[in-house]
1. For the chain, give the magnitude of the charge dipole about the Cα centre (Cβ charges: +1 Lys/Arg, -1 Asp/Glu; no others), in debye to the nearest 20.
2. Given Cα pairs under 8 Å that are at least 6 residues apart, what percent is the relative contact order of region 117-244?
3. Convert 25 °C to kelvin, take the viscosity as 0.890 mPa s, use the Kirkwood radius over C-alpha pairs of region 149-253 as Rh, and evaluate the Stokes-Einstein diffusion coefficient in µm²/s, rounded to a whole number.
4. In the structure shown, do any of LYS186/LYS323; LYS119/LYS144; LYS57/LYS144; LYS119/LYS186; LYS186/LYS324; LYS144/LYS323 have a Cα-Cα gap over 26 Å, and if so which?
5. Note down the nm distance, to one decimal, between modelled labels 7 Å out along Cα→Cβ at VAL341 and at VAL289.
6. Give me the distance in nm between label points sitting 7 Å out from Cα along the Cα-to-Cβ direction at ILE253 and LYS324, one decimal.
7. Using C-alpha positions alone, give me the convex hull volume of the chain per residue in cubic angstrom.
8. Give the relative contact order (percent, whole number) for region 199-352; include only Cα pairs under 8 Å separated by 6+ residues.
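Values in this text are rule-based calculations from the coordinates and carry no lab data. As the structure is a prediction and not an experimental result, all values here were calculated from the model. Backbone-built Cβ (ideal geometry, glycine too); neighbour counts: all protein chains shown.
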Amino acid sequence: MDRENNAGLSPSCRPDPQKRSCSCQTGDLPASEIRTTDSTITFANRLDHFIARWGWKRESHRVDPGLYRLGNPTPDTPVFASANYTLSFDALRSALAGTDAWILVLDTQGINVWCAAGKGTFGTAELVQRIGCTGLPGIVRHRKIIVPQLGAPGISWTEVVRRSKFLVEYGPVRATDLPEYLRTHKATPAMRRVAFPLKDRVVLAPVEFVHTALPMVVAAVLLWFLAGPVAALAAVSSVLAGTVLFPALLPYIPTQDLSTKGLILGLIIATPFAVSFGTNPALPIWANVAGAAAALLIMPAVVAYFALNFTGCTTFTSRTGVKKEIFRYVPAMALMAGTGVVLGVALGISRLLGVI
């Protein structure tokens with residue numbers, strides 16, 4: 001984003017021209033640049049959110065890191081930390097409508113708070129550096145910064161206190177609870193609970209589907225010509241099940257691991273295709289068995305693989321759980337898919353040679 005003419009900034013995120021830019025380089029702490037924002041979510045903001053949800057131009061949905069002025073903050077006004085992902089920043093500023101606040105935006109490379117905390121970009125080092133390079137200690141009299149609860153995995157409050165003298169206070173999970181939190185200075189159990197309702201699960205589907213749409217179309221076209229329309233439909237069904245149906249049904253599929261949940265869903269989706277391939281009267285029994293087996297091996301493996309993509313954005317697993325799943329199930333998925341492909345190729349070659 002152009003920091004000189006701010007061509008890429010939305011109207012709600014223009015810097016104060018009286019302040020110098022904060023480069024945030026190690027050992028270089030110039031006077032801070034304070035931007036001004038507001039709580040209004042414009043049509044342009046909503047369009048940006050929609051495009052981000054579909055994974056379009058993923059790296060462009062960000063605001064400049066630094067310190068932002070919301071309303072008319074004073075030296076005693078609360079300071080909130082946020083990621084420089086537009087959806088995270090906009091959720092915070094819109095929730096604080098009518099509230100004066102300072103917003104300290106960390107450079108998370110355009111990643112939301114939760115994922116950035118896991119990656120370490122919404123982390124202790126970045127928070128401490130951003131406090132220093134924006135000149136925050138000279139702007140506010142207090143020494144407290146409110147961090148989203150979902151950012152806690154990346155923030156060590158003891159290190160922040162030691163290195164910056166600022167006390168970290170973990171706010172509620174949802175930005176919408178901030179007004180009540182500020183009024184009572186207390187987070188209720190409901191504010192601390194991480195929910196993952198249908199709306200939050202389904203909203204993840206578009207970006208996952210878009211990432212796989214082109215390979216899905218290519219695979220479907222090839223299978224149409226090599227094995228027929230049913231095989232092409234099987235490819236499309238596998239992708240849709242793994243990217244759209246899986247997040248919607250996530251809490252209702254038994255087992256704890258997302259990989260095994262994906263295998264179960266994939267097996268259900270594959271069953272009709274296995275029956276179709278396995279009961280073709282024009283083929284010998286061994287070919288029917290091989291076709292059914294190929295569907296039962298490939299489709300569950302594909303759905304389970306896509307299911308793993310949701311490990312970083314659900315409340316159903318942890319960082320260590322993700323690692324365990326990868327090492328435990330990915331080799332099995334690869335073996336299943338590889339065996340199924342071998343069976344499918346063998347059937348295709350048999351068909352070309354006129355054996356079946």
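1. 580 debye
2. Numbers: 116 pairs, mean separation 22.9, N = 128.
It rounds to 18 percent for region 117-244.
3. Numbers: Rh = 17.7 Å.
D = 139 µm²/s.
4. Going by Cα-Cα distance, LYS186/LYS323; LYS57/LYS144; LYS119/LYS186; LYS186/LYS324; LYS144/LYS323 fall outside the 26 Å limit.
5. 2.5 nm
6. 1.9 nm
7. Measuring per residue, one finds 158 Å³ for the Cα hull of the chain.
8. Relative contact order, region 199-352: 23 percent.
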